[in-house]
Amino acid sequence: MITSTNRKPENFICDLLVCFVRQVEEGYPECSSQFIEKQLKFAVDSGDFTGKEEEIFLFYPEPEAKLKTKRIMLVGLGKKELERETFRLAGGLVAGQALKTRTQNMLVVVPVDLDFPSDEISECLAEGLLLGVYRFRKYKTKIDEDEKGEIKKIVFYPKINASAVRKGLQKGIVAGECGNKVRDMANEPGNHWTPVDFGLYAGALALKPRMKCKILEQKELKRLKMGGILGVNQGSALPPRLVILEYRTKKTAPTILLVGKGITFDSGGISLKPGKGMDRMKYDMCGGAAVMAAMQGISMEQPKGINVVAIVPATENMPGSAALKPGDVITMYGGKTVEVLNTDAEGRLILADALAYGVDKFKPEAVIDLATLTGAVVVGLGHHRTGLMANNDELAAKALAAGERSGEPLWRLPLGKEYSKQLKSEIADLKNIGGPAAGTITAAAFLEEFVGETPWAHFDIAGTAWDFTEKSYIPKGVSGIGARTLLELVRAWK
Ligand code: BES
Ligand code: MN
Ligand code: ZN
């Protein structure tokens, strides 16, 4: 949907022409586009526009200017130091306004004379625009009049540094599409996105170069003694899946393992959740969606010198008559036994199998898992930061940096033997809950038992996968978080 052109904006036929403007202390803001200079001065003189962050001014071109656009939009970039997020937010703002004005095609004049790298400007603008135009309307047979806007074409015009702008644009497109893919999967209700659908999605990606997938079904899971996934699946009428998608370059290249929680609906099982808000538990597969979408991004970019394996354990957590019961003891992949004291702590059970299996089979250099794992992380960090826990400082630093660059910030919480001790069971190796204190950490401490010495980082996205800090490019509801951070981690891997 986004391309670039070197045709002068003056000659470009479109519904909307977008220019970005920095705010200044005195006088008139600078603007790289001469054809709006006069109107910019009018707008500033009349106090209609100053270039403040998140400020927008929409007007019609003067007839004598002979522009071929229907409208012009000025977008403020503020006067604070520019960040990647400034451009994402600006992109999202433009997207929202463009939809409102029923814009079908727009020309974005990429501001290249700012104190910021041109490639990152276009990258982040593209991300903000793509994420900002996202709507999920699949199940509406009738769309409200004011919801009908649909953008068909966005064209970037780089006045200078065209090749850098195009390079950044490409990165932004991939990342934006990744985020939207997560949203597409997560927004599907529980009866439309089931464990089988994770397999189908991976199967389609496996057609891309260097990708292959393997989908383990119930029989295979039994043979491998994956008691966690099988146990959680017992109460569901739908069969489980363990979806494995590999991106392989060279045998000698390092392998990164990504694991995502794929609970397509979490009723809590026999430890049933309260009814209020239970529908949201269709989102309990956001970790799996993020991991799969990241693989889509990787398949588009085809990075060299790295192998990436994604594993999604997928099942519903339902209270059918064969369901796990509180007090049951199960044996996990690798032989550890777990006393299931609360069937609602199911994420860690399916992840433990996937982590242990992935580490065993692929001998990765690092493992990262994403999961909507605990309500406690919402208490601790709210909806603004993902909880990060890791057994390795270097990997934690990489994760924090990738999150920062992606506008998906993380906050690290500790691990340690005091927390692990809370998981000691009277009758098995472990119990699956660690009591009311430090719920996010004890959930991670449970996972830690299954990765051995491999550097591992765990993202608890229960507070950020939906209801994430609302922003111009982050809608209410599902945020699509995770995939862009993973993509960034892979891009920066050394
Ligand atoms: N999927 C939930 C975690 C969750 C809760 C995500 C609320 C988003 C919002 C997870 O499976 C769960 O139920 N966790 C329990 C663990 C508890 C039983 C130890 C929780 O957090 O209440
Ligand atoms: Mn649960
Ligand atoms: Zn869950």
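So here's what we get for this one:
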quantity: Test for Ala462: is it within 16 Å of ligand 3 (Cβ to nearest atom) and part of a loop (DSSP other than H, G, I, E, B); calculated: yes
quantity: Filter pass, Asp48 being in contact with an Asp or Glu (Cβ under 8 Å, 6 or more places away or on another chain), open to solvent by 50 Å² or more (accessible area, probe 1.4 Å), part of a loop (DSSP other than H, G, I, E, B) and of a type in the set (D, E, K, R); calculated: no
quantity: Which numbered condition Thr464 misses (of (1) open to solvent by 10 Å² or more (accessible area, probe 1.4 Å); (2) away from ligand 2 (no atom under 16 Å from the Cβ); (3) under 20 Å from the mean Cα position of the chain (by Cα)); calculated: (1)
quantity: The one condition in (1) crowded, with 16+ Cβ neighbours inside 10 Å; (2) within 13 Å of ligand 2 (Cβ to nearest atom) that Pro303 fails to fulfil; calculated: (2)
quantity: Residue under evaluation His384, criteria (1) within 29 Å of Pro409 (Cβ to Cβ); (2) open to solvent by 40 Å² or more (accessible area, probe 1.4 Å); (3) in a loop (DSSP other than H, G, I, E, B); (4) within 16 Å of ligand 2 (Cβ to nearest atom), criterion not met; calculated: (4)
quantity: Residues of segment 342-393 satisfying the condition of being basic (Lys, Arg) and within 12 Å of ligand 1 (Cβ to nearest atom); calculated: Arg348
quantity: Which listed residue is outside any loop (DSSP other than H, G, I, E, B), in the same structural domain as Asn6 (by TED's automatic domain parsing) and surrounded by fewer than 20 Cβ atoms within 10 Å (Cβ to Cβ), from Leu114, Leu89, Leu107, Leu99; calculated: Leu99
quantity: Given (1) within 16 Å of ligand 3 (Cβ to nearest atom); (2) under 15 Å from Ile350 (Cα atoms); (3) not basic (Lys, Arg), number of the condition Ile330 does not satisfy; calculated: (1)
quantity: Among residues of segment 387-446, those that are in a loop (DSSP other than H, G, I, E, B) and either surrounded by 22 or more Cβ atoms within 10 Å (Cβ to Cβ) or of a type in the set (Val, Ile, Thr) (or both), counted; calculated: 7
quantity: Any hit, segment 129-142, residues being outside any loop (DSSP other than H, G, I, E, B) and open to solvent by 90 Å² or more (accessible area, probe 1.4 Å); calculated: no
quantity: Segment 332-364: number of residues that are open to solvent by 30 Å² or more (accessible area, probe 1.4 Å) and either in contact with a Ser or Thr (Cβ under 6 Å, 6 or more places away or on another chain) or not assigned by TED's automatic domain parsing to the domain that holds Ile441 (or both); calculated: 3
quantity: Subset of segment 467-494 (residues that are of a type outside the set (Val, Ile, Thr) and open to solvent by less than 30 Å² (accessible area, probe 1.4 Å)); calculated: Phe468, Tyr473, Gly477, Ser479, Gly480, Gly482, Ala483, Arg484, Leu486, Leu487, Glu488, Leu489
quantity: Cβ-Cβ under 7 Å pairs, at least 6 apart or on other chains, segment 218-229 side open to solvent by 60 Å² or more (accessible area, probe 1.4 Å), far side in a helix (DSSP H, G or I); calculated: Lys222/Leu230
quantity: Options Pro475, Pro455: the member that is closer than 15 Å to Gly132 by Cα and not hydrophobic (A, V, I, L, M, F, W, C); calculated: Pro475
quantity: Verdict on Ala253 being assigned to a loop (DSSP other than H, G, I, E, B) and either surrounded by fewer than 24 Cβ atoms within 10 Å (Cβ to Cβ) or touching a residue at least 60 places away in the same chain (Cβ under 8 Å) (or both); calculated: yes
quantity: Segment 6-30: number of residues that are touching a residue at least 24 places away in the same chain (Cβ under 8 Å) and surrounded by 14 or more Cβ atoms within 10 Å (Cβ to Cβ); calculated: 14
quantity: Residue within segment 339-358 that is among the β-branched types (Val, Ile, Thr) and more than 16 Å from ligand 2 (Cβ to nearest atom) present; calculated: no
quantity: Residues of segment 299-325 that turn out to be away from ligand 3 (no atom under 16 Å from the Cβ) and under 25 Å from Leu373 (Cα atoms), as a count; calculated: 8
quantity: Candidate set from segment 306-320 (those that are surrounded by fewer than 24 Cβ atoms within 10 Å (Cβ to Cβ) and β-branched (Val, Ile, Thr)); member that is nearest to the chain's Cα centre (by Cα); calculated: Val309
quantity: Members of segment 232-286 found to be basic (Lys, Arg), within 22 Å of Glu217 (Cα to Cα) and within 15 Å of ligand 2 (Cβ to nearest atom), listed by number; calculated: Lys261, Lys282
quantity: Conditions (1) over 27 Å from Leu82 (Cβ atoms); (2) out of contact with any Pro (no Cβ under 6 Å at 6 or more places or on another chain): number failed by Pro195; calculated: (2)
quantity: Residue check, Ala323 open to solvent by less than 10 Å² (accessible area, probe 1.4 Å), away from ligand 2 (no atom under 13 Å from the Cβ) and among the aliphatic types (A, V, I, L, M); calculated: no
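The values are calculated or read from the model by the stated rules, or taken from the named source; none is laboratory data. Everything numeric in this text was worked out from a predicted model, so none of it was measured. Here the Cβ is made from the backbone with ideal geometry for all residues, glycine too, and neighbour counts use every protein chain on show. The accessibility values were calculated without ligands, DNA or RNA, using every heavy atom of the protein model including side chains. Shrake-Rupley method; radii C 1.70, N 1.55, O 1.52, S 1.80 Å.
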